Amino acid sequence: MGINTRIFNSILDNDFYKFTMQCAVVKLFPNVKAKYKFINRGKHEFPQGFDKLLREAVDYMAQLQLTKDEKHFIIRTCPYLNPAYIDFLEGYRYDPSEVHIKQNGNDLEVKVEGFWYRTILWEVPLLSLISELYYKATGQTSWDDEKIIKNTLDKVKLFNDLDVRFAEFGTRRRHSYHAHRLVVHTLETFNGKSFIGSSNVHMAMLYNTKPIGTHAHEWFMFHAAEYGFKMSNTMALEHWVDVYRGDLGVALSDTYTTEVFFKQFDKKFSKLFDGVRHDSGDPIEFANKTIEHYKHLGINPHFKYIIFSDGLNPEKVESITHATKDKIGISFGIGTNLTNDVGLRPMNIVIKLTQVLTSDNEWVDTLKLSDEKGKHTGNQKMIDLAKEILRIEQ
């Protein structure tokens, strides 16, 4: 097709929480193996030969390695990442043999398998590659740079007027590396008081801003497979504290529904963690539940905060702000609407952890129970079991 597949040029071109989780996995769970699977939620049709393009792009990533400048940036910016892990990352190389790609007609199948401490870095780059290559292979043309910059500036003005803080969370479904850099450059250059950082470590380094992130759903999904659904949130948070000792203190709340999470987010965790992240369900309802949870425990919600990160656009940010401001601290992680708002239909794609090889040497299915009805992911038999154990009716 004559398409350049050498898209990635930095091993740090990834979401920060992938590195923070990798650090924890290397320390606590070096023997665990994992399987991931690509899910084409948007039913996008991939042109013939797309699998070969993706294969070339994946194979090229084996050449990436941490540079001395990147290592110094990590050491300077992230003191909670221990020296042994940073040395490990310096020696880490992507292994393309862990990624299995197959195309049947217009359907794309992508699976990842290997040690969890290695395969954990594949998810976000793979989604980025699939997105960028899809637009190239289908010949879709985005807005020109000038319009993308103006569109970004319009959002920044609104966020500044609202007096809210936001970070860029858009690596996984970005239109392209070029569009991503253009947006972050614009945000950093004309940010006013609102823009506080990027989930992408490479972009954070390029534009001298803060890398932002803690952990993702897979951290809790593994703990459910290893320790059981009842103990998943508690053990996941406990192990996070064991590794980071109070740093990186934002807890993801919705892996097994917010209702279940708050039952296990006791006074110890509620005091120790700085706040929680909202990623599914009604955001205002979630904010009210969070505020009531803190009040019930005798904790002033003004000293805590919520990061909203579920499919945000300027309109949602505005409505959430008006409903929650001055009741609890708030900030926003905005993804696709920043890095793939370029005049084309954004892709709706995910890669999920599907199985882990636990300590008893058995493969166990993983799953996620969303706050949104019909968006549970995983084996249906396991979903039914989890709902029964956790007494979830939806």
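The values are calculated or read from the model by the stated rules, or taken from the named source; none is laboratory data. These numbers come from a predicted model, not from an experiment. Here Cβ is always computed from backbone atoms with ideal geometry, including for glycine, and neighbour counts include all displayed protein chains. Side chains are part of the model used for accessible areas, which takes the heavy atoms of the whole protein and leaves out ligands, DNA and RNA. Shrake-Rupley method; radii C 1.70, N 1.55, O 1.52, S 1.80 Å.
The figures follow:
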quantity	calculated
Candidate set: the range 78-110, residues that are aliphatic (A, V, I, L, M) and more than 21 Å from the chain's Cα centre (by Cα); chosen: the one nearest to G249 (Cα to Cα)	A84
Boolean, K387 is over 22 Å from V110 (Cα atoms) and touching a Leu at 6+ places or on another chain (Cβ under 9 Å)	yes
For T138: the one exception among (1) under 20 Å from the mean Cα position of the chain (by Cα); (2) within 22 Å of V350 (Cβ to Cβ); (3) surrounded by fewer than 19 Cβ atoms within 10 Å (Cβ to Cβ)	(1)
Qualifying residues in the range 103-125 (those that are in contact with a strand residue (DSSP E or B) (Cβ under 8 Å, 6 or more places away or on another chain) and farther than 21 Å from D365 by Cβ) - the one surrounded by the most Cβ atoms within 10 Å (Cβ to Cβ)	V124
Filter result for T119 (in contact (Cβ under 8 Å) with a residue 12 or more places away in the chain and farther than 19 Å from R173 by Cβ)	yes
Selection from the range 246-259 of residues that are open to solvent by 10 Å² or more (accessible area, probe 1.4 Å), in contact (Cβ under 8 Å) with a residue 40 or more places away in the chain and part of a loop (DSSP other than H, G, I, E, B)	D247, L248
Boolean, I86 is in contact with a Leu (Cβ under 9 Å, 6 or more places away or on another chain), on the phi < 0 side of the Ramachandran plot, part of a helix (DSSP H, G or I) and open to solvent by 60 Å² or more (accessible area, probe 1.4 Å)	no
Test: Y94 is hydroxyl-bearing (S, T, Y) and either within 26 Å of K68 (Cα to Cα) or open to solvent by 10 Å² or more (accessible area, probe 1.4 Å) (or both)	yes
Of residues in the range 159-174 being of a type in the set (D, E) and open to solvent by 30 Å² or more (accessible area, probe 1.4 Å), the one nearest to the chain's Cα centre (by Cα)	D163
Complete set of residues in the range 205-245 that are within 19 Å of the chain's Cα centre (by Cα), surrounded by 18 or more Cβ atoms within 10 Å (Cβ to Cβ) and not in a helix (DSSP H, G or I)	T209, P211, I212, G213, T214, H215, A216
Residues (of a type in the set (V, I, T) and in contact (Cβ under 8 Å) with a residue 40 or more places away in the chain) located in the range 283-306	I284
Which numbered condition K381 fails, given (1) over 30 Å from W143 (Cβ atoms); (2) in contact (Cβ under 8 Å) with a residue 24 or more places away in the chain	(2)
Of all residues in the range 175-199 being among the β-branched types (V, I, T) and surrounded by fewer than 21 Cβ atoms within 10 Å (Cβ to Cβ), the one that is nearest to I212 (Cα to Cα)	I196
Scope the range 23-46; condition open to solvent by less than 60 Å² (accessible area, probe 1.4 Å), within 24 Å of Y80 (Cβ to Cβ) and either part of a strand (DSSP E or B) or of a type in the set (K, R) (or both); matching residues	A34
Residue check for V156: surrounded by 24 or more Cβ atoms within 10 Å (Cβ to Cβ) and touching a residue at least 12 places away in the same chain (Cβ under 8 Å)	no
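For every residue, the table says whether it meets (1) at pLDDT below 95; (2) open to solvent by 10 Å² or more (accessible area, probe 1.4 Å); (3) under 23 Å from the mean Cα position of the chain (by Cα).
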| site | (1), (2), (3) |
| --- | --- |
| G343 | no, yes, no |
| N348 | no, yes, yes |
| L353 | no, no, yes |
| L357 | no, yes, yes |
| T366 | no, no, yes |
| D371 | yes, yes, yes |
| L385 | yes, yes, no |
